[in-house]
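Nothing in this text is a laboratory measurement; each read-out follows from the coordinates by a stated rule. Every value quoted in this text rests on a predicted model; they were computed, and no experiment measured them. All Cβ positions, even for glycine, are placed from backbone atoms using ideal geometry, and neighbour counts span all protein chains on display.
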Amino acid sequence: MEVIIMKDYNAMSKKAAEIIKSVVLRKPNCVLGLATGGTPVGTYKELIKFHKEGKLDFSKVITFNLDEYISLPKTHDQSYFYFMHDNLFNHINVNPENVHVPDGMAEDVETFCKWYEDEIKKAGGVDVQLLGIGSDGHIAFNEPGSSLASRTRMKTLDEQTIKDNARFFKSEAEVPRYAITMGVGTILESKELLLIANGKKKADVCAEFIEGPITSQITASALQLHPKAIVVLDEEAASKLKKYNYYKWVYENKPKK
Ligand code: GLP
């Protein structure tokens, strides 16, 4: 696992966007795995900026999102479908036919999940998967106890996740209790993983998944099993790391000639 520590949220977002940009430039028809939550918003802003400056063309890019709440229609302003359009897709030239977000209203969830997995395979697999991390260590909605071999399926959300995500809803009672999520096994098949985290609130869980044992209790720790996993943290999220000498990317303070 490559751990890169950036000064703050903006620098973390820029770094993550640069990594995604390099994949798109190398392979214009690449498959991007995308994430929701507050953390990737800055990364998406940077990608939109690259596009508006004419530096990034998404016309051939295919996208797959990690997860979606069950019971929220696409038009609900807290659905991940809505979030992705609001924060990224509406501002770039991605072909709507190439966009995939799990369908939270699917009548037959099991059949839908199998179809989603097949679509990822048909597209050639995910080239780079962007990930955030929940305060309980989850990636996508793979809550503590999720099998590290799990595939796309329905998951019950943990109390902690419901509490954390209540900030986006009018009340905690409105937060859906179930979601469709790619499994840890699905995520591990991506050619490259890119996890981003910022802020003091993520410091403990970042130390646990990077320096602790691999465990289904903290599904982000499965990144230790991946041959090409990059973790970009800001200094606050990295503040509880203590075991190794990590690479500190001094973005604004490059050595002067
Ligand atoms: C949700 C999403 C995760 C995301 C997590 C963290 O639970 N399903 O994919 O990583 O929130 O969100 P935030 O970035 O807002 O801390």
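Using the Kirkwood radius over C-alpha pairs as Rh, can you work out the diffusion coefficient of the range 148-253 via Stokes-Einstein at 37 °C, viscosity 0.692 mPa s, in µm² per second? List each step's numbers first, then the result.
Numbers: Rh = 15.6 Å.
The calculation lands on 210 µm²/s.
Can you list residues whose amide H is under 5 Å from VAL94's amide H, if they're 5+ apart or on another chain and H is modeled 1.01 Å from N?
For VAL94, no residues qualify.
Please give me the summed charge of the neighbours of THR215: other residues whose Cβ is under 14 Å from its Cβ, Lys and Arg +1, Asp and Glu -1. Working shown, then result.
Values: positive: none; negative: ASP136, GLU143, GLU208, GLU211.
Charge balance near THR215 sits at -4.
Under 15 Å from a point placed 7 Å out from the Cα of MET154 along the Cα-to-Cβ direction: which residues of the range 49-66 have their backbone N that close?
none
Distance in nm between label sites at LYS243 and ASP8, each 7 Å beyond Cα in the beta-carbon direction?
Calculated label separation equals 3.1 nm.
Only four residue types carry charge here, +1 at the Cβ of Lys and Arg and -1 at the Cβ of Asp and Glu. Report the dipole size of the range 55-102 about the Cα centre in Debye, rounded to the nearest 20.
Numbers: 3 positive and 6 negative charges, 33 e Å.
Here the range 55-102 has a charge dipole of around 160 debye.
Sequence gap at least 6, Cα distance under 8 Å: using those rules, report the relative contact order of the chain to the nearest whole percent. Provide the component values of the computation, followed by the final result.
Details: 529 pairs, mean separation 68.2, N = 257.
Dividing the mean separation by the residue count of the chain yields 27 percent.
What percentages make up the Cα-Cα pair-distance distribution of the range 110-207 when the bins are 5 Å wide from 0?
2, 12, 20, 23, 19, 14, 7, 2, 0
Evaluate Rg over Rh across the range 118-175, taking Cα atoms for both radii and Kirkwood's formula for Rh.
Values: Rg = 14.0 Å, Rh = 13.4 Å.
Ratio of gyration radius to Kirkwood radius for the range 118-175: 1.04.
Would you mind giving the average projected area, over all directions, of the Cα convex hull of the range 66-157 in nm² with one decimal?
Mean projected area for the range 66-157: 6.7 nm², to one decimal.
5 Å is the cut-off here: which amide hydrogens, built 1.01 Å from N in the peptide plane, fall below it relative to ILE4, excluding neighbours closer than 5 in sequence?
VAL231, VAL232, LEU233
Arranged from highest to lowest average of other beta-carbon atoms within 10 Å per residue, in what order do the peptides 100-106, 31-37, 72-78 appear?
31-37, 100-106, 72-78
Mark the label point 7 Å from the Cα of VAL41 along Cα→Cβ and return the residues of the range 56-83 whose backbone N is within less than 16 Å of it.
77-83, by backbone N distance to the label point.
Which of the peptides 203-210, 91-98 is most tightly packed, and how do the rest follow, judged by the mean count of other Cβ atoms within 10 Å per residue? Don't jump to the answer; show the numbers that get you there.
Numbers: 203-210: 20.5, 91-98: 14.1.
Descending packing order for the listed peptides: 203-210, 91-98.
Let me know the charge dipole size of the range 115-257 about its Cα centre in debye, to the nearest 20, where only the beta-carbon of Lys, Arg (+1) and Asp, Glu (-1) is charged.
Working: 21 positive and 20 negative charges, 107 e Å.
The calculated dipole for the range 115-257 is roughly 520 debye.
How much mean residue ellipticity at 222 nm does the chain get from its helices, if each DSSP H run of length 4 or more adds -39500 (n - 2.57) and you divide by all residues, to the nearest 500 deg cm²/dmol? If you can, show how the numbers build up before the last one.
Values: 7 runs with 73 residues, N = 257.
It comes out at -8500 deg cm²/dmol, rounded to the nearest 500.
Report the label-to-label distance for THR215 and TYR178 in nanometres (one decimal), using points 7 Å from each Cα along the Cα→Cβ vector.
About 2.9 nm separates the two model spin labels.
To the nearest whole percent, what portion of all C-alpha pairs in the chain is separated by more than 25 angstrom?
Working: 13326 of 32896 pairs.
Tail of P(r) above 25 Å: 41 percent of Cα pairs.
Wrap a convex hull around the Cα atoms of the range 38-96, take a quarter of its surface area, and give that in square nanometres. It would help to have the intermediate numbers written out before the result.
Details: hull surface 16.8 nm².
That works out to 4.2 nm².
Of ILE162, ILE180, ILE120, which has the largest mean-square fluctuation in a 10 Å C-alpha GNM of the chain?
Fluctuation is largest for ILE162.
If I model a spin label at ASP77 and ASP204 as a point 7 Å from the Cα along the Cα→Cβ vector, what separation in nanometres do I get?
Distance between the two pseudo-spin positions: 3.3 nm.
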